[in-house]
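Trainee: Could you have a look at this structure, given as structure tokens, before my questions?
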Amino acid sequence: MQSIPFNTDNSPSVILELIFRLKIKNVMTRNVRTACKQCSMREIQKIMKEERITGVPITEGSRLCGIVSMEDVLNTMDEGLIEDDAHKHMTRNVIVLEEDMPLSFAINYMDKYHYGRFPVLNMNKELVGIITSRDIVNHLLLEMNKEMTRLEEMIPKADSVESGSQEMNFICHRYDFENAGKASTEIKKALKKRGIDRKIIRRIAVASYELEINIVVHSEGGGMTFVIHPDSVKIIAGDRGPGIADVEDAMTEGFSTANDWIRSLGFGAGMGLPNVKRVSDEFQIESTPGEGTTVTAVIFTNPPQSETVPEE
Amino acid sequence: MKVKDLAGKLNYECLVSEGDENEILDGYTSDLLSDVMGNAPEDSVLITIQAHKNTVAVASLAGITVLLICNNRPAPDDMLAAAADEGISVYRTKDSQFTASWKVHELI
């Protein structure tokens, strides 16, 4: 009979990772009720009844000498030897586990030796705990619960009504601080609805807001287009001029052409475009003096792809 | 800690309380909105003298849930209305950004 129906070789990798990551010391019961060698079997039976346990390790100091199981108690009762000392009836060759072993060892032992419990020793061979199939099952269920929650959060919300591609357009006017940020707020709401990761939404919002403010502060007016794909968001910020004389200068942190009034509002510090580039996975800027500027920024919304991007 | 708990301890003037139930994990002091946008940690209190509607927009996009206006700067009504809409609390103090920063830092 297999006491824990787990295959430690070819279970799903999430489970295997779990039983190798968890150490026996994380799962075992620490306050072990023990008895000494001179304890009578009757006293041990009393301990079992009080503590509702089915095995009591016999110790001398912190050293393990043996273990008395419910079965041993029943046998002595049967033979009229219940008043005998524990050391006469205990199992001496106890199979033990070490606290730093992975949990998979305990599962294998349960399977191999058919005992319901194993005493756990530390590096100095001292008794530090006991592990039962119940401890294992409880802990595995808890950990699997956590793991399932984590996995569930990673699954894109399939029932979302807006899960296909979508395009959103906004017009931005020169010096219209009243409505600056509106496009970014709208896109943020739309992405939230799709269940996209909060950190990724923030990167999109940062890029979008900086580009929006750029149009309001520096251009004659223009617009923002957002193309939302299942795995990325493309932001296209275009304006009608006046264009950037030196794009390389504009991309340098601290370089700014903003006037004092704009600076007094907290903008125009020359951080906008560098900020956009930093949070984007793909970034492109094209500008023709006298005609206008178009900035295209792409941010991937699938976590595995965006992991390669440095954290903001 | 919660915004309302922090506010209660500091005894600062409450202008908008819509974000009072939010958790604050960090803080950021800056008057440069691009800097806030790029560098302020999420769930921060923003300590600033920039009291206008765009501060609220930046805060909302950067995931900031409470604004602390220093030097008793006047906060326009449209700013407070926008903050209420976005669920962001606004507090005001006569303290400077420096003083407010260390007071807040000590509490969170």
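Trainee: Could you list all residues from the stretch A:55-70 that are surrounded by 15 or more Cβ atoms within 10 Å (Cβ to Cβ) and outside any strand (DSSP E or B)?
Mentor: The one that is surrounded by 15 or more Cβ atoms within 10 Å (Cβ to Cβ) and outside any strand (DSSP E or B): A:Met70.
Trainee: Next up: Tally the residues that are more than 8 Å from chain A (Cβ to nearest Cβ), crowded, with 16+ Cβ neighbours inside 10 Å and outside any loop (DSSP other than H, G, I, E, B), restricting the search to the stretch B:26-35.
Mentor: The number of residues fulfilling the criteria is 3.
Trainee: Go through the stretch A:123-144 and give me each residue that's surrounded by fewer than 19 Cβ atoms within 10 Å (Cβ to Cβ) and more than 15 Å from A:Val27 (Cβ to Cβ).
Mentor: A:Met123, A:Asn124, A:Lys125, A:Glu126
Trainee: Any residue that is within 19 Å of B:Gly63 (Cα to Cα), within 13 Å of chain B (Cβ to nearest Cβ), part of a helix (DSSP H, G or I) and not basic (Lys, Arg) - is there at least one of those in the stretch A:214-231?
Mentor: No - not one qualifying residue is present in the stretch A:214-231.
Trainee: Output the number of the condition that B:Asp78 fails; it satisfies all remaining conditions of (1) within 12 Å of another protein chain (Cβ to nearest Cβ); (2) surrounded by fewer than 22 Cβ atoms within 10 Å (Cβ to Cβ); (3) outside any helix (DSSP H, G or I).
Mentor: With respect to (1) within 12 Å of another protein chain (Cβ to nearest Cβ); (2) surrounded by fewer than 22 Cβ atoms within 10 Å (Cβ to Cβ); (3) outside any helix (DSSP H, G or I), B:Asp78 is out only on (3).
Trainee: If we keep just the residues of the stretch A:199-213 that are more than 10 Å from every other protein chain (Cβ to nearest Cβ) and crowded, with 24+ Cβ neighbours inside 10 Å, which is nearest to the chain's Cα centre (by Cα)?
Mentor: The residue in question is A:Arg203.
Trainee: Right, here's the next one. Since A:Val73 meets every condition but one in (1) closer than 13 Å to A:Phe118 by Cα; (2) without any contact (Cβ under 8 Å) to a residue 40 or more places away in the chain; (3) surrounded by 15 or more Cβ atoms within 10 Å (Cβ to Cβ); (4) of a type in the set (Val, Ile, Thr), which condition does it not meet?
Mentor: Only one criterion is unmet by A:Val73, namely (1).
Trainee: Here is a follow-up. When the stretch A:273-302 is examined, which residues are found to be within 9 Å of chain B (Cβ to nearest Cβ) and in a loop (DSSP other than H, G, I, E, B)?
Mentor: Scanning the stretch A:273-302 gives no hits.
Trainee: Scan A:Gly266, A:Gly254, A:Gly270 and give me the residue that is assigned to a loop (DSSP other than H, G, I, E, B) and free of Cβ contacts under 8 Å to residues at least 12 places away in the same chain.
Mentor: Selected residue: A:Gly266, the only one of A:Gly266, A:Gly254, A:Gly270 that is assigned to a loop (DSSP other than H, G, I, E, B) and free of Cβ contacts under 8 Å to residues at least 12 places away in the same chain.
Trainee: Of the residues in the stretch B:42-51, how many are in contact with a strand residue (DSSP E or B) (Cβ under 7 Å, 6 or more places away or on another chain) and farther than 19 Å from B:Ala7 by Cβ?
Mentor: Qualifying residue count for the region: 0.
Trainee: In addition: Suppose we filter the stretch A:177-198 for residues that are more than 11 Å from chain B (Cβ to nearest Cβ) and over 39 Å from the mean Cα position of the chain (by Cα); how many remain?
Mentor: Qualifying residue count, the stretch A:177-198: 0.
Trainee: Could you say whether any residue in the stretch B:1-23 is in a helix (DSSP H, G or I), within 14 Å of another protein chain (Cβ to nearest Cβ) and surrounded by 22 or more Cβ atoms within 10 Å (Cβ to Cβ)?
Mentor: No, the stretch B:1-23 contains no residue that is in a helix (DSSP H, G or I), within 14 Å of another protein chain (Cβ to nearest Cβ) and surrounded by 22 or more Cβ atoms within 10 Å (Cβ to Cβ).
Trainee: What's the total number of residues in the stretch A:76-116 that are without any contact (Cβ under 8 Å) to a residue 12 or more places away in the chain, assigned to a helix (DSSP H, G or I) and within 27 Å of A:Ile4 (Cβ to Cβ)?
Mentor: 1
Trainee: Another question about this same structure. Given the conditions (1) on the phi > 0 side of the Ramachandran plot; (2) in contact with a Ser or Thr (Cβ under 6 Å, 6 or more places away or on another chain), and given that A:Gly272 satisfies all but one, which numbered condition is not satisfied?
Mentor: (1)
Trainee: Anything in the stretch A:52-78 that is among the small types (Gly, Ala, Ser) and in contact with a Cys (Cβ under 8 Å, 6 or more places away or on another chain)? List them, or say none.
Mentor: none
Trainee: What tally of residues in the stretch A:100-158 results from selecting those that are more than 20 Å from A:Arg21 (Cα to Cα) and of a type in the set (Lys, Arg)?
Mentor: Of the residues in the stretch A:100-158, 4 are more than 20 Å from A:Arg21 (Cα to Cα) and of a type in the set (Lys, Arg).
Trainee: What residue, among those in the stretch A:16-52 that are under 30 Å from A:Met144 (Cα atoms) and surrounded by 17 or more Cβ atoms within 10 Å (Cβ to Cβ), is farthest from the chain's Cα centre (by Cα)?
Mentor: Ranking the candidates gives A:Val32 first.
Just so you know, all these numbers are worked out from the coordinates, no wet-lab data involved. Note that this is a predicted model, so its numbers are computed, not measured. So basically every Cβ, Gly included, is an ideal-geometry build from the backbone, and we count neighbours across all protein chains shown.
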